[in-house]
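Laboratory data are not the source of any read-out in this text; all were calculated from the coordinates shown. Remember, it's a predicted structure, so these values are computed and weren't measured experimentally. Backbone-built Cβ (ideal geometry, glycine too); neighbour counts: all protein chains shown.
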Amino acid sequence: MSVAVSFERFSFRYDGAESDALRDIDLQVHEGELVVLTGESGCGKTTLTRAMNGLIPLVYQGTMRGRVAIDDKPVAEWTTSDLAATVGSVFQNPRSQFVNSDVEAELAFGCENQGLPRATIAERVHESVRTFGIGHLLHSRVEELSGGQRQMVVLASVYATHPDVFVLDEPTAALDVPSMELLGQALARLKAMGKTVIVSEHRLWWLSDLADRVVVMRDGAIAGSWSAADFGALPWETRSGWGLRAWRVEEMDARASSPTSCEKVSATSVGDRRGEGRVALETRGLCVSYRHRRRVIGDCDLTIPAGTAIGLVGANGTGKTMLARCLCGIQREAAGTVELAGTALRPSRRAGSIYLVMQEPGYQLFEHTVARELEEAQRRGFDRDAPKAFSMESLMEDFGLAELAQRHPLSLSGGQGQRVSIAAGLLYGARALVMDEPTSGLDYRNMAVIARQVGRLKRHGLPICVITHDYEFLCSVCDAVVSLDGGRPSTPIPLNPETLGRIRRLLGFSSVH
Ligand SMILES: Nc1ncnc2c1ncn2[C@@H]1O[C@H](COP(=O)(O)OP(=O)(O)O)[C@@H](O)[C@H]1O
Ligand SMILES: [Mg+2]
C-alpha cells in the first residue's frame, strides 16, 4: 500500500521559540489508514497536523529539518492550491472555519476556491450532503447550528473538494456524545471510501472501533505507535499514566468505582463532615424565559446538597447553560427562587456567591497576570467582612498556580485557565460552584486535576453543579446525575456502577457501547 503522508527525521521550531515543537519525527501513514494522534496538551499534535496541511510554513513560520511529504512529494514542492486540494483540514473550533453565513454557500466555498465549474460544484455539494446526511441543514444559517452540526458541515465542505487525506485537529472538543458518534460514522464512511484520515484527539472512546493505528506523542516526539488492537490491550493504568484518556467506554465506567480517581462521597454523610456552612443550593419552581418570551426552564425544583456534585446533562438546546446563568444571577428568573443555605437570593446577591466557571475561562479573566487576577477577586469579594474559607496562599498551592503567577491569563491552556477561574471564584467568596462544560477539550491529566479540585471543594461542603457531556469526567466527580429535558430536571439518579447504563443513555451514547 502506498504511503500518503511521510515524515523523515522531521523537526520544527516556531520562530521565536526556545525549543523544538517537533523533534525527529519518523512517521508513515499509509493510504486508506485511519491514524489517531494523541498525547498531552502541548506535545505537538497540532503542530504535526500543520506540517501536513501546509499551514507550516504558509501561516506558521519557523525552522525545519528533515522531510515531510504527501504522496511522496515534499510539502515544500506542492503549490498551495494543489496541497489544499489533496489534504483537507478540520480544526478544533468549527466557528473559526466558517466564511459564509448560510450552509449551502459554505458547502460550496472550498470548491469555488478551486475554481471548479458551477455545475461540478452543484454536483459535489449534492453528493456531500447525501454522504453526510445533512440535507435538513442545507437552508439553515450557520449561526443556528449546534456545535456538532457545524463540525459536520465543515467536514462536508472539506469532503466536497475531494481531498485524499483528511486531517482533523481535536474535532470533538466542543461536541456532545451524539455528535461525536455521528462524526465517528462520517469518518467510517471516509475510511470505507479508502480515504486517509489523521485525527488528533484527547477523547478517544469514539475512535476505538475506527482506528487502525494510535500514535502517542510526548514533548514533540513520537513516544510510541501501536495497532489499535495492541494499544487497546495496553493496561489502562499504563495509558492513563501517560496522560491519556480512556480508550473504551468501559474504562470510563471504571472511573465511577475507582477510589483514586473519584472523589465521591455519599450525599447523606455530607452534613456531618462540616458543621458550619452547610450550604445547599436549591431552586423552587424556577422558571427562566428567553427574551421575555419563550419559557426555556419551567418549574424547576433542583436540590444540590452541601458537599455533593450533581452532573447536569441533556441534549443541546434544552437550556442547561440558561439554567446555569440563572443560578449564578447573570440571568433573571421569570418566577420561582434560587436558594443558598435556605435563603432565597435575588440575582444580584447570587452573582459571585454562586460562581459560574465558564466554558472558556478567557472570557472571565481580565487582569494582566494570574496573581493580579486572584488579588482582584479577593479585593472585590462580595462579602468582604465575612471570614474567608480559602486563603490566597493555600489556593495558589492547591491549584498549582504558584508557577503561573506571573503569566497572562490569556496565555494559559484550557486546564490552567479553568483552575485560575475556580480559584478566583473561591477568593471572591463563592459558596457554590456551577461549571459549564469544564473539561471536554482537556487531556486526561488536566481533567484529573480539575476532578481532584472539585473533590476538595466537596469536602469543604460546597454544592457543585457540573454541566457536562464528558462522561469520563462525570464518572470521576459526580455523585448524581440530573437530566434536563424540555426545561425540567429529572429526579436525580445516584451515580454508581448499577446506574451507569442509564446515565450513558441520558448522555446520548448509542446502545452499541
Ligand atoms: N504559533 C505558535 N508559536 C510558537 N509556539 C507554538 C505555536 N503553536 C504551538 N506552539 C508550541 O509548540 C508546542 C506544541 O504545541 P501544539 O502543537 O499546539 O501541541 P498540542 O496540539 O499537542 O497541544 C507547544 O510548546 C506550544 O506552546
Ligand atoms: Mg492541539
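Using the alpha carbons of segment 3-247, what is the convex hull volume per residue in cubic angstrom, as a whole number?
117
Taking the Cα centre of the chain as origin, work out the dipole magnitude from +1 charges on Lys and Arg Cβ and -1 charges on Asp and Glu Cβ, in debye rounded to 20.
Approximately 1560 debye in magnitude.
Can you give the translational diffusion coefficient of segment 281-507 in µm²/s, computed by Stokes-Einstein from the Kirkwood radius over Cα pairs at 20 °C and 1.002 mPa s?
Translational D for this selection: 121 µm²/s.
Check the straight Cα-Cα distances from Lys73 and name the aspartates and glutamates below 17 Å, setting aside those fewer than 8 residues away within the same chain.
Those aspartates and glutamates meeting the cut-off are Glu8, Asp26, Glu31, Asp82, Asp164.
Need one number for the chain: average projected area of the convex hull over its C-alpha atoms, nm².
With every direction weighted equally, the projected area is 24.1 nm².
Could you order the peptides 314-322, 472-480, 9-17 from most to least packed, using the average number of other C-beta atoms within 10 Å per residue?
472-480, 314-322, 9-17
In which sequence would Asp72, Asp20, Asp301 go, from the one with the fewest C-beta neighbours within 10 Å to the one with the most?
With the sparsest Cβ surroundings first, the list reads Asp72, Asp301, Asp20.
Between Trp236 and His30, take the C-beta separation as r, use R0 = 25 Å, and let me know the FRET efficiency to the nearest 0.05.
For R0 = 25 Å, the calculated efficiency reads 0.35.
With runs of 4+ DSSP H residues as the only contributors, calculate the mean residue ellipticity of the chain at 222 nm using -39,500 (n - 2.57) per run, divided by the residue total and rounded to the nearest 500.
One gets -9500 deg cm²/dmol as the mean residue ellipticity at 222 nm.
Report the charge-dipole magnitude of segment 3-247 in Debye, nearest 20, computed about the Cα centre from +1 at each Lys and Arg Cβ and -1 at each Asp and Glu Cβ.
Dipole about the Cα centre, nearest 20: 80 debye.
Glu376 versus Arg130, label points 7 Å from Cα toward the beta carbon: distance in nm?
Distance between label points: 5.6 nm.
Determine, for each peptide in 207-217, 222-232, 98-108, 35-45, the mean count of other beta carbons within 10 angstrom over its residues, then list the peptides with the highest first.
Order by mean packing, descending: 35-45, 207-217, 98-108, 222-232.
Among Glu250, Glu367, what is the fewest-to-most ranking by other Cβ atoms within 10 Å?
Starting with the residue having the fewest Cβ neighbours, the order is Glu250, Glu367.
Might you report the magnitude of the Cβ-based charge dipole of segment 26-104 about its Cα centre, with Lys and Arg at +1 and Asp and Glu at -1, to the nearest 20 debye?
Its charge dipole is roughly 380 debye.
List the residues whose amide H sits under 5 Å from the amide H of Arg218, counting only those 5 or more places along or on another chain, with H placed 1.01 Å from N in the peptide plane.
Sorted by chain and number, the residues that satisfy this are Ala223.
Relative to the first principal axis of the alpha-carbon coordinates of the chain, what is the inclination of helix 370-380, with its axis defined by its Cα atoms, in degrees from 0 to 90 and to the nearest 10?
With rounding to tens, the tilt is 30 degrees.
Taking every alpha carbon pair in segment 312-428, what does the distance histogram look like in 5 angstrom bins from 0, in percent?
Final binned percentages: 2, 11, 19, 20, 18, 15, 10, 4, 0, 0.
Amide H neighbours of Arg245 under 5 Å, counting only residues 5+ apart in sequence or on other chains, H built in-plane at 1.01 Å?
Long-range HN contacts for Arg245: Tyr444.
Starting from the Cα-Cα distance between Asp71 and Ala119, subtract it from 0.36 nm times their residue separation and give me the gain in nm to one decimal.
Between Asp71 and Ala119, full extension yields 14.4 nm more.
Arrange Asp470, Asp398 by Cβ neighbour counts within 10 Å, fewest through most, would you?
Listed from fewest to most nearby Cβ atoms, that is Asp398, Asp470.
Points 7 angstrom from Cα along the Cβ direction at Ser227 and Leu138: gap in nanometres?
The two pseudo-label positions are separated by 4.3 nm.
Within 10 Å of each candidate Cβ there may be at most 12 other Cβ atoms; applying that plus a DSSP loop requirement, which chymotrypsin sites (Phe, Trp or Tyr not before Pro) in segment 295-375 survive?
Of the chymotrypsin sites (Phe, Trp or Tyr not before Pro), the ones in loops of segment 295-375 whose Cβ has at most 12 other Cβ atoms within 10 Å are Phe366.
Roughly how tilted is helix 103-113, in degrees to the nearest 10 and between 0 and 90, from the longest Cα axis of the chain?
Result, in degrees: 30.
Karplus couplings for segment 232-237 from phi (6.51 cos²θ - 1.76 cosθ + 1.60, θ = phi - 60°), rounded to Hz, Gly and Pro as x?
x, 7, 5, x, 4, 4
Starting from the Cα of Arg295, step 7 Å along the direction of its Cβ; do the same at Glu403; then give the gap between the two resulting points in nm.
5.3
Could you give the angle, 0 to 90 degrees to the nearest 10, between helix 177-192's Cα long axis and the longest principal axis of the Cα atoms of the chain?
Once rounded, the angle reads 10 degrees.
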